[in-house]
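Contents: one structure, followed by commentary.
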Amino acid sequence: MGRWNYRIVKERFDDHFEYRVAEIYYDQHGTPILRSAEDYNPLSHCEDADEVRGTIEKIQAAARKPVLMVVGAKMVEVPE
């Protein structure tokens, strides 16, 4: 499980949806299989300004990809 990227994830909570940026890991077929914890902040573990800049660039790349939605135990791309 070596490939990952940031993606925007949409999840249902009771009567509303929430969106967040998550680390998504993929299986050997490219299927998203794992995401980071709900309270994960991708910028909280940066050790210097260059790392913050690099992480922001990766998050910006995620904004250009389809949103993933948690459906049962799977994540699927959803139209916005």
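Taking Cβ atoms as reference points and 15 Å as the exclusive limit, the residues near GLU11 contribute a net charge of -2, counting Lys and Arg as +1 and Asp and Glu as -1. In a simple Cβ point-charge model (Lys, Arg +1; Asp, Glu -1; nothing else charged), the chain has a dipole of about 400 debye relative to its Cα centre. Dimensions of the range 30-75 from C-alpha coordinates, computed as largest minus smallest value along each principal axis and given longest first, are 37, 22, 16 Å.
Highest mobility in the GNM of the chain, judged by mean-square fluctuation with C-alpha springs under 10 Å and restricted to LEU68, LEU43, LEU34, is found for LEU43. Between the helical axis of 49-63 and the longest alpha-carbon principal axis of the chain there is an angle of about 30 degrees. Legend: P(r) of the chain from all alpha carbon pair distances, 10 Å bins from 0, whole percents, reading 17, 50, 28, 5.
Taking every DSSP helix (H) stretch of at least 4 residues in the chain, weighting each as -39,500 (n - 2.57) and dividing the sum by the residue count yields a mean residue ellipticity at 222 nm of -6000 deg cm²/dmol.
For LYS74, the lysines whose Cα comes closer than 20 Å to its Cα, not counting residues fewer than 8 places off in the same chain, are LYS10, LYS65.
Each value in this text was obtained by applying a stated rule to the coordinates, not by laboratory testing. This is a predicted model, so every value here is computed, not measured. Cβ sites come from the backbone with ideal geometry, for glycine too, and all protein chains shown count toward neighbours.
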